[in-house]
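Trainee: Provided herewith is a single structure, encoded as structure tokens, for subsequent inquiry.
The values are calculated or read from the model by the stated rules, or taken from the named source; none is laboratory data. As the structure is a computational prediction, the values presented were derived from the model and not from experiment. Counting neighbours? That spans all protein chains shown, and the Cβs are built from the backbone with ideal geometry, glycine included. Quick note on the areas: whole protein, heavy atoms, side chains included, nothing else; ligands and nucleic acids left out. Shrake-Rupley method; radii C 1.70, N 1.55, O 1.52, S 1.80 Å.
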Amino acid sequence: MLERKLFGKIETLPKSVWCDFSKKFAPGRLGRTGLLNFVFQVQHTIRLSGGVFVAYSSLMAKFSRLGLMPPPRHLKRGRGAFLLPSKSPVEWLRLEQTRQAPPHPQGYQLTIHRHGIHVAYRETGGLHAACATLRQLLRTHGRRLPCLSIRDWPAFARRGVMLDVSRGRVPKLETLMNLANILAGFKINEIQLYMEHTFAYRRHPAVWRGWGALTAREIKKLDRHCRDLGIDLVPNQNSFGHLRQFLARPEYRRLAEVNQCHEDASGTFVRHPSTLSPAHPGTLPFLRGLYDELLPCFSSRFFNVGADETWDLGLGQSRAACKKRGQGRVYLDFIRKLHREVASRKRHMMMWGDIILKHPDLIPLLPRPLTVLNWGYEANHPFDKETARFARAGIPFYVCPGTSTWQSMIGRHDNALANLKAAARAGAAKGATGYLVTDWGDGGHPQPLAVSWPMLVCGAALAWNPSGFRPGRVPVALARDVYHDPTGHLAAAAWGLGFSHRKLGVTAPNETPLGTVLAAPKPGSRELFCRNGPTWAAKIPPRHLVATLKDIQHCRKILHQSRPSTPDGRMLKRELDLAARMAMESIHYMHWQQALSAKKNTAARRLAKQGLQRLKELENETRRLWPLRNKGTPRHSTPFLAWRMEEYRKGRPMTPASP
């Protein structure tokens, strides 16, 4: 194993590491391998802290803070500092499993005094949390650590991140492992990968081929890596709705509730068959096959079956049953069947809560044990009202806000911050067992992880200590732990870009024009995601477009002043700049729409020629960056670049804008 290669025989570790484990408490799940992993993480950070990471101390000095994220509950500064020896530094680290640690399974006490470092904890989760705090201190201060005492524990026992890997962007295994490394540093202890059709099921290759699906071998390796970091990798396979790619295939069409596209009640888009029919006898055998192949890849005792947004239910095969018993009852009955399948596989079922909330009288009838995931992504989402319903029914639940990056290209951080805070308040007040930050990929998932990191870190901080959260301190932690940029400019740019959309003076749920104009669906397709893109040019005054463009350009200028010190940081810089350029292209496209609408043909031809050149450059840069971090190709993520180029060539926009 890696740890044995690094440290030799386990018995050769310094006695100070082992001494307290023989007293009163057994290592438990941590074990010797887990302890070695802890020591390896600390030693790795110590080696780095003698170099570039010391530069972060000057960045922290601007804020007169230690830069810990999440902020600890109780911190007391002492006098002086402890200079960690460069030779055998771990000998000065004392670990103690004791009931004197804060009274929480994940509580810990970290003390740095003039003679060494002492970590007291109750269970393995507390040791992982202490490691995350110590590593941040080492990155900030190098070997000269300030004397202090920290007593800390989380607000939510389970603190997770859910990453959408089904809409066009499937990260490579190395990308996911790095994601887990960073999230562990912010005390995240759960990761879910949202899957519809992007697991490489052996029996269903036609569905996932061409999407860059994750294989069983990759998931197993990621699961082991997450376990070492104290993260529970929870399987997530939608099992009722959101199965469009399966149901589009002739061999699975019989399982669909409806077998043809149908117009949404709003009349603005067309829904494709995406919901399994609970009335078809082949539905459960189909799902059993998925579960029996997917679940053995995960060590987690949890399983998220999704079951959200079952738009087609009652419109086709189950129409008669829904008319007789009610749509809510039909939904609940199928949830009970899913629960039996999950329980028979010794897993604890999770499900999204949106559909059952439409039938509040049925909430107490949900099967047990079960955890409901209460999601909502707008600033004013009624978490208080919805969580109260689950709490009254005695059903464990998570609160699940989002990063608000999807359909935005560069984020809408103002909405996300309000949404994340509201979820934390309601979850803490109503007794949520978990806090899950979701990062969706609606519309092809063109936005990279570089855009999502600011709100992922905010969510991690709120999940640990909502009362201590201060948004202004997040960019410093981003610079140190995510972007690896001692100048702080990369984090400042990522933070600022997420507010640029406000200059447009318009708002809409789940989107900004910066995301949906460029990524609008192919003309005539009547797709759901980004469908509002063609209409924004008629609603936004030209002066607002100019102001927004200047704001993004200002953020890019700051971005170009950054000096990330690692290959990953430099990759994040390139990704963020590409996203900013795509957002700018949405503005240029709206300028072109407005010029055509105003009969300014000469200006329109000039704008089209310039736009065509920029889109070619964006397409080339996307192709260069994609394989470095993602599987498959960008053909499912950014086909809109080719659509917009064709419109520039023809001189006809998606929808002519009114003056």
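Trainee: Across bins of 5 angstrom width beginning at 0, how are the C-alpha pair distances of the range 495-540 distributed, in whole percent?
Mentor: 5, 21, 32, 23, 12, 6, 2, 0
Trainee: Could you give the distance between the Cα centres of the range 187-201 and the range 524-579, to the whole Å?
Mentor: 27
Trainee: Now, a different point. Calculate log10 I(q)/I(0) of the range 559-659 for q = 0.10, 0.19 Å⁻¹, where I(q) comes from the Debye formula with a single equal point scatterer on each Cα and nothing for solvent.
Mentor: Those come out to -0.34, -0.92, one per q.
Trainee: Here's another thing I want to ask about it. In units of 2.2 N^0.38 Å, what is the alpha-carbon radius of gyration of the range 379-448?
Mentor: Values: Rg = 13.3 Å, N = 70, 2.2 N^0.38 = 11.1 Å.
Here the Cα radius of gyration is 1.21 times the empirical estimate.
Trainee: Moving on to the next point. Just how much of Lys539 is accessible, in Å², when a 1.4 Å probe is used and the result is rounded to the nearest 10?
Mentor: 120
Trainee: Okay, next question. Using helices alone, what [θ] at 222 nm do you get for the chain, with -39,500 (n - 2.57) per DSSP H run of 4 or more residues, divided over all residues and rounded to the nearest 500? Don't jump to the answer; show the numbers that get you there.
Mentor: Numbers: 22 runs with 280 residues, N = 659.
Computed ellipticity for the chain at 222 nm equals -13500 deg cm²/dmol.
Trainee: Compute the accessible area per residue over the chain, keeping the other protein chains in place, probe 1.4 Å, unit Å². Intermediate results must be reported in sequence, preceding the final value.
Mentor: Values: 26200 Å² over 659 residues.
I get 40 Å² per residue for the chain.
Trainee: Further question on the same structure: Determine by what factor the alpha-carbon radius of gyration of the range 193-309 differs from 2.2 N^0.38 Å, reporting the quotient. If you can, show how the numbers build up before the last one.
Mentor: Values: Rg = 15.5 Å, N = 117, 2.2 N^0.38 = 13.4 Å.
Normalised Rg, Cα atoms only: 1.16.
Trainee: Starting with the highest mean, order 444-455, 484-495, 338-349 by the number of other Cβ atoms within 10 Å, averaged over the residues of each peptide. Don't skip to the end; give the middle numbers.
Mentor: Numbers: 444-455: 26.5, 484-495: 24.9, 338-349: 17.0.
Answer by packing, highest mean first, reads 444-455, 484-495, 338-349.
Trainee: Arranged from highest to lowest average of other beta-carbon atoms within 10 Å per residue, in what order do the peptides 202-215, 140-153 appear? Could the numbers behind the result be given before it?
Mentor: Numbers: 202-215: 16.9, 140-153: 19.5.
So the order, starting with the most tightly packed, is 140-153, 202-215.
Trainee: For every other residue with a beta carbon closer than 10 angstrom to the beta carbon of Phe82, add +1 if it is Lys or Arg and -1 if Asp or Glu, then tell me the sum. Don't skip to the answer; put the middle values down first.
Mentor: Values: positive: Arg114, Arg143, Arg144; negative: none.
Local charge sum for Phe82: +3.
Trainee: Suppose every Lys and Arg Cβ carries +1 and every Asp and Glu Cβ carries -1, with no other charges. What dipole size does the chain come out with about its Cα centre, to the nearest 20 debye? It would help to have the intermediate numbers written out before the result.
Mentor: Details: 100 positive and 48 negative charges, 196 e Å.
The calculated dipole for the chain is roughly 940 debye.
Trainee: Of the heavy-atom accessible surface of the range 409-504 (probe 1.4 angstrom), what whole percent is carbon and sulfur? Write out the running numbers ahead of the final one.
Mentor: On the way: 1070 of 1980 Å².
Of all accessible area on the range 409-504, carbon and sulfur atoms account for 54 percent.
Trainee: While we're here: Of Ala388, Gly524, Val399, which is farthest along the charge dipole of the chain in the positive direction, counting Lys and Arg as +1 and Asp and Glu as -1 at C-beta?
Mentor: Result: Val399.
Trainee: I'd like the projected area of the range 548-594, averaged over all directions, using the convex hull of its alpha carbons. Report it in nm² with one decimal.
Mentor: Values: hull surface 12.4 nm².
About 3.1 nm², averaged over all directions.
Trainee: Kirkwood Rh over Cα pairs of the chain into Stokes-Einstein at 10 °C, 1.306 mPa s: D in µm²/s? Can you show the working numbers first?
Mentor: Details: Rh = 26.2 Å.
Estimated via Stokes-Einstein, D reaches 61 µm²/s.
Trainee: Follow-up. Which residue, chosen from Leu373, Ala81, Pro475, occupies the Cα position most advanced towards the positive end of the dipole of the chain, where the dipole is computed from +1 (Lys, Arg) and -1 (Asp, Glu) charges on Cβ about the Cα centre?
Mentor: Going by the charge dipole, the pick is Ala81.
Trainee: What are the ³J(HN,Hα) couplings of the range 79-96, residue after residue, when phi is run through the Karplus curve with 6.51, -1.76, 1.60 and θ = phi - 60°? Round to Hz, x for glycine and proline.
Mentor: Per-residue couplings from phi come out as 8, x, 8, 10, 8, 6, x, 6, 9, 6, x, 5, 4, 9, 10, 10, 10, 9 Hz.
Trainee: In the chain, with Lys and Arg counted as +1 and Asp and Glu as -1 at Cβ, which of these residues, Ala248, Gly306, Gly316, has the Cα nearest the positive end of the dipole, that is, farthest along it?
Mentor: Of the options given, the answer is Gly306.
Trainee: Relative contact order, percent, of the range 517-659 when contacts are C-alpha pairs under 8 Å separated by at least 6 residues?
Mentor: Numbers: 128 pairs, mean separation 47.7, N = 143.
Across the range 517-659, relative contact order equals 33 percent.
Trainee: Could you pull the accessible area for Glu218 with a 1.4 Å probe, rounded to 10 Å²?
Mentor: Approximately 40 Å² of Glu218 is accessible to the 1.4 Å probe.
Trainee: Just to confirm my numbers, what's the Cα centroid distance between the range 364-410 and the range 425-468 in Å?
Mentor: Cα centroid to Cα centroid, the span is 12 Å.
Trainee: When the Cα atoms of the range 260-370 are enclosed in a convex hull and the volume is divided per residue, what value in Å³ results? Show your work: numbers first, answer last.
Mentor: Details: hull volume 13.4 nm³, N = 111.
Measuring per residue, one finds 120 Å³ for the Cα hull of the range 260-370.
Trainee: Per q in 0.22 1/Å, what log10 I(q)/I(0) does a Debye calculation on the alpha-carbon atoms of the range 447-562 return?
Mentor: -1.18
Trainee: Follow-up question, since we're still on this one. Please report the carbon-and-sulfur percent of the accessible area for the range 519-577; probe 1.4 Å, protein heavy atoms only, DNA, RNA and ligands left out.
Mentor: Details: 1630 of 2910 Å².
So the carbon and sulfur contribution to the accessible surface is 56 percent.
Trainee: In Å and from the alpha-carbon atoms only, list the Rg and Dmax of the range 502-595.
Mentor: Using the Cα atoms of the range 502-595, the pair Rg, Dmax is 14.9, 46 Å.
Trainee: Continuing with this model, one more query. Hey, how many Å between the Cα centroid of the range 211-242 and the Cα centroid of the range 279-348?
Mentor: 20
Trainee: Probe radius 1.4 Å, ligands and nucleic acids ignored: give me the carbon and sulfur share of the accessible area of the range 148-277 as a rounded percent.
Mentor: Numbers: 2070 of 4410 Å².
Carbon and sulfur: 47 percent of the exposed surface of the range 148-277.
Trainee: A further question on this structure: So, by mean Cβ neighbours within 10 angstrom, what's the order for 397-406, 619-628 with the highest one leading?
Mentor: Numbers: 397-406: 28.4, 619-628: 14.4.
Averaged packing, sorted descending, gives the order 397-406, 619-628.
Trainee: Placing unit charges on C-beta atoms (Lys and Arg positive, Asp and Glu negative, everything else neutral), compute the dipole magnitude of the range 429-497 about its Cα centre in debye, rounded to 20.
Mentor: Working: 4 positive and 4 negative charges, 61 e Å.
About 300 debye.
Trainee: Under a 5 Å amide H to amide H cut-off, with H placed in plane at 1.01 Å, what residues pair with Leu84 once short-range neighbours are removed?
Mentor: Arg144, Leu145
Trainee: Report the normalised scattering of the range 356-498 as log10 I(q)/I(0) at q = 0.18 Å⁻¹, calculated by the Debye formula with identical scatterers on the alpha carbons.
Mentor: Listed by q, the Debye log ratios stand at -0.98.
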